[in-house]
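Undergrad: Quick one: this structure, given as structure tokens, is what I'll be asking you about.
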Amino acid sequence: MAFLFAAFLVYCAMHAYAFLAARAAFALAVPASAALAATLAFLTFAPVLAHVLDRRGAATTGRALARVGYLWMGLLILFVGWHLAVEAAALAMDLARRWGAASLPDPSARGLFAAAALLAVVSALYGAVEARRVRVRRLTLACTGLPAGHEPVRVVQISDLHLGAMTGVGSIRRLAARLTALRPDLLVSTGDLVDGDIARIGPAARVLAAVPARLGKFAVIGNHECYAGLDRAVAFTRRAGFTVLRNAARAVGDALVVTGVDDPAAGGADAEVRVFDTLPGGRCTLLLKHRPMVNAASLGRFDLQLSGHTHGGQIFPFGWVVRRAYPVRRGLSEPGAGSRLYLSAGTGSWGPPIRFLAPPEIAVIELVPAATMRGTRPAPRRPCPVERRLKEIRRRADHRSTIRAREVADGDPRGSGAGGRCHATYDRAPGAPGAPGHGARVLEVGAAAGLRDPPPVPAADP
């Protein structure tokens, strides 16, 4: 709760900043200032009021108020960020003018306010689109606990969906269709599946329950399950088809163990080590843990920890703040002793349905036996004649036009060796007369060259 209180104080400070910026930009009189202050005070408490209305059964009014309050929250965050940026730019221009750059403009307070407001609206529109475009991130990891010959295990991770007032059933159906198409062996949720009034999002549980996973579906609780009501949140997660691992482990077949621990908001911070003490060795061990915190005593006892919580910052520049609180890079990292950590940027959004420069994701992780990954370094690649010719062109080039090389390989995906023939053409910059538009697999070389009428690169055998 201390974090929520601190976050609310920061949110109040943002409203105060916006009020002062507006008053300076428009020279507001006392009545207009009072009206603006009252409006901003209402918007400050709108998310809290929406939560209270939800709890008291006024779901329709609460949802409408939540939409207004959270959309305003996103706009305000972006406005404050952009206004600070344009103020910094104005300060830099002022300093430059004092050093003799008299031609630089002197923007007014109203101009700065308008520029920041416009940038905030454009950024919010972009962020609303980005929040709906969930990306799939794929990687393959060797797991020493999987015996040689064991089939790969496809783990699909979702995190931080925050199902609540801002989530429609239609978006959950689209997500479920994508998860089904990924054909997971294991589907895992690393916390914050729900957020807000759980009774109203009941249909989402049936949609998620229909997603198949050959080896099962597992979930852990995050801090927002605790805020929404832990017992109800756990019941919803189970109705969605997940086995909730609360400081517990579950064997999956004879070579894989899935372990899950509660978020610190639920208490029991020392439970992780106790869980590992009960596990047999020699198996591939997954650790589901909402926050990307690594317990030093657990290093070497799990192969892969899957976490979320940070949302990648969700709205730039909060990513910088997140990295200071959790100094773990997004994606895959290796904290030590052979253990690895994958930090998801989250699949949903909290509060504003906006993601700015922090796209949501679904992680698809193929676990394969370590023996499969050994000895698979590709043989040294002989230079293709096309590449040799391109180097020659680049040596003779000036910087007046762009040449692209298109490498078309028959038989050998690398373009040389193993009986493959390596052909190439090059042409002028896109849009130039005679620029060909053909080619199969395209290799963009991006060499700068000034050959106004370059001769064609001859085809050659390796």
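Undergrad: Bins of 5 Å, beginning at zero and ending with the bin holding the largest distance: percent of Cα pairs per bin for the stretch 1-78, please.
TA: P(r) over the stretch 1-78, rounded to whole percents: 3, 15, 21, 21, 18, 12, 6, 3, 0.
Undergrad: Quick one: grab Rg to one decimal and Dmax as a whole number for the stretch 142-223, Cα atoms only, in Å.
TA: In Å, with Rg to one decimal and Dmax whole: 14.5, 47.
Undergrad: Explain nothing, just the number: relative contact order of the stretch 134-373, from Cα pairs under 8 Å at least 6 residues apart, as a whole percent.
TA: About 29 percent, as a whole number.
Undergrad: Around LEU163, which amide H atoms from residues at least 5 apart in sequence, or from another chain, sit under 5 Å from its own amide H, with H modelled in the peptide plane?
TA: Excluding prolines and chain starts, which carry no amide H, the hits are VAL194, ASP195.
Undergrad: Restricting attention to the stretch 1-102, which chymotrypsin sites (Phe, Trp or Tyr not before Pro) occupy a DSSP loop and are surrounded by at most 12 other Cβ atoms within 10 Å?
TA: Filter output for the stretch 1-102: TRP99.
Undergrad: Can you compute the label reach from ALA177? Point 7 Å from Cα along the Cβ direction, backbone N cut-off under 20 Å, restricted to the stretch 99-133.
TA: Only 129-133 pass the distance filter.
Undergrad: Please quote Rg/Rh for the stretch 2-130 to two decimal places, taking the Kirkwood radius as Rh and restricting both calculations to Cα atoms. Write down the numbers at each step before the final one.
TA: Working: Rg = 17.8 Å, Rh = 16.6 Å.
Value, to two decimals: 1.07.
Undergrad: Right, next: Of all trypsin sites (Lys or Arg not before Pro) in the stretch 105-141, which ones are in loop regions per DSSP and have a Cβ with at most 10 other Cβ atoms within 10 Å?
TA: Listed in order of number, the matching sites are ARG133.
Undergrad: Can you give me the C-alpha center-to-center distance between the stretch 221-270 and the stretch 105-177, rounded to a whole angstrom?
TA: 23 Å
Undergrad: Could you tell me the extents of the stretch 265-364's C-alpha atoms along the three principal axes, largest first, rounded to whole Å?
TA: For the stretch 265-364, the Cα spread along each principal axis is 43, 28, 22 Å.
Undergrad: Could you compute the net charge surrounding ASN295? Neighbours are other residues with a C-beta less than 14 Å from the C-beta of ASN295; K and R count +1, D and E count -1.
TA: -1
Undergrad: Against the globular-protein guess of 2.2 N^0.38 Å, express the Cα radius of gyration of the stretch 69-173 as a ratio, rounded to two decimals.
TA: Relative to the 2.2 N^0.38 Å estimate, the stretch 69-173 comes out at 1.83.
Undergrad: Take every Cα-Cα pair in the stretch 134-373 and report what % of them are more than 29 Å apart.
TA: Values: 6209 of 28680 pairs.
Taking all Cα-Cα pairs of the stretch 134-373, the fraction more than 29 Å apart is 22 percent.
Laboratory data are not the source of any read-out in this text; all were calculated from the coordinates shown. The structure displayed is predicted, hence computed values, not measured ones. FYI the Cβ positions are ideal-geometry reconstructions off the backbone, even for glycines, and counts take in every protein chain you see.
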